[in-house]
Amino acid sequence: MDIQNIIPVILPWFLSHGIKIIGILVAAVWISRFSKVLIDKAIRKLIKPDQVVKDPDAEKKRENTLIRIFNSTFSILVWAMAVLMIISEFGISIGPLIAGAGIFGIALGFGAQYVIRDFLAGLFIMLENQYRVGDVIEIAGTGGKVEDITLRKTVLRDIDGAVHHIPNGEIKVASNKSQEFSRVHLKIGVAYKEDMEQVFQILNRIGRELAEDPEWKNFILKAPQVSGIDDFADSAIIIKVLGDTLPLKQWEVARELRKRIKIAFDKENIEIPFPQVSMWQRK
């Protein structure tokens with residue numbers, strides 16, 4: 001076919017449809033780039049860090065993950081709409097394509113419902129900041145330190161070193177033991193013969209001294225103090241001691257507190273009872 005015969009056919013189509021296609025492509029590129037900048041600024045402004053920042057890198061990683069998710073999702077929507085609009089400019093009806101995509105989406109949804117559930121659960125975990133990398137949590141009956149969070153799963157390492165990969169969709173309740181502050185919670189047993197007022201004074205003094213110790217004061221938010229008598233056990237009166245610490249420092253503080261209590265009780269001759277068994281030998 002001669003070029004002179006082609007131009008009169010192509011030129012009107014280009015002027016009526018080609019320019020529209022170029023405009024659609026330019027608009028799609030511009031919207032995608034502008035949305036990336038807008039989403040980046042919005043996420044970093046709306047997602048606020050905790051009052052006690054344990055790991056700035058983990059917070060930045062969380063923000064970057066959310067930005068990547070929203071950018072990719074929005075880009076897919078923009079380019080999908082652009083492709084459909086371009087197809088329509090070629091005179092192809094997009095109605096059957098949309099219907100076919102809907103049927104395919106339904107089939108895919110049924111086949112991948114657990115994956116979609118995991119992704120949605122992971123998105124809300126990150127948006128609500130339920131826990132972050134480095135937190136100590138308990139989820140799905142498993143406790144440990146969070147080593148990684150993705151939309152698909154949460155990775156925990158327990159105290160024995162075992163790594164647990166838990167799908168986010170399986171998480172019904174998440175117990176965070178290291179958000180904002182942690183708590184020392186001790187139950188101490190003393191003999192029934194001991195003077196409770198004296199025991200209370202000693203325990204409160206130990207808690208205050210620990211909170212004022214230069215080596216420990218930066219970890220303690222509220223000095224461990226006696227909360228009261230928690231129970232009357234078979235051979236001991238159980239006293240509860242509570243105090244607040246920085247996140248993840250409660251176990252170190254509790255160990256030091258137990259050591260000081262044992263030393264002080266030995267000096268004051270306060271008995272910490274333990275189960276005893278009397279044996280009788282038949283003659």
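Among the residues of segment 168-190, count how many are more than 12 Å from Glu138 (Cβ to Cβ), at pLDDT 90 or above and within 13 Å of the chain's Cα centre (by Cα).
Residues flagged as more than 12 Å from Glu138 (Cβ to Cβ), at pLDDT 90 or above and within 13 Å of the chain's Cα centre (by Cα) within segment 168-190 amount to 1.
For segment 177-234, what are the residues that are within 21 Å of Asn269 (Cβ to Cβ) and surrounded by fewer than 15 Cβ atoms within 10 Å (Cβ to Cβ)?
Those that are within 21 Å of Asn269 (Cβ to Cβ) and surrounded by fewer than 15 Cβ atoms within 10 Å (Cβ to Cβ): Ala191, Tyr192, Lys193, Asp195, Met196, Glu197, Gln198, Gln201, Arg205, Glu209, Ile229, Ala233.
I'm trying to understand the selection: among the residues of segment 138-147, which are closer than 14 Å to Glu170 by Cβ and in contact (Cβ under 8 Å) with a residue 12 or more places away in the chain?
Residues of segment 138-147 that are closer than 14 Å to Glu170 by Cβ, as a first pass: 138-142.
Scanning segment 138-147 gives Glu138, Ile139, Ala140, Thr142.
Collect the residues in segment 219-236 that are over 14 Å from Glu256 (Cα atoms) and modelled with pLDDT of 90 or more, keeping them in residue-number order.
Listed by number, the residues that qualify are Leu221, Lys222, Gln225, Val226, Ser227, Gly228, Ile229, Asp230, Asp231, Phe232, Ala236.
Can you tell me which of Glu147, Glu128 is closer than 24 Å to Val37 by Cα and at pLDDT 80 or above?
Values: Glu147 fails: closer than 24 Å to Val37 by Cα.
After ruling out the rest, the residue left standing is Glu128.
Within segment 221-247, track down each residue that is closer than 15 Å to Glu194 by Cβ and touching an Asp or Glu at 6+ places or on another chain (Cβ under 6 Å).
Ile238
Keeping to segment 144-170, report how many residues are crowded, with 17+ Cβ neighbours inside 10 Å, outside any strand (DSSP E or B) and among the aliphatic types (A, V, I, L, M).
Qualifying residue count, segment 144-170: 1.
The values are calculated or read from the model by the stated rules, or taken from the named source; none is laboratory data. These figures come from a predicted structure and were not determined experimentally. Virtual Cβ from ideal backbone geometry, glycine too; neighbours counted across all protein chains shown.
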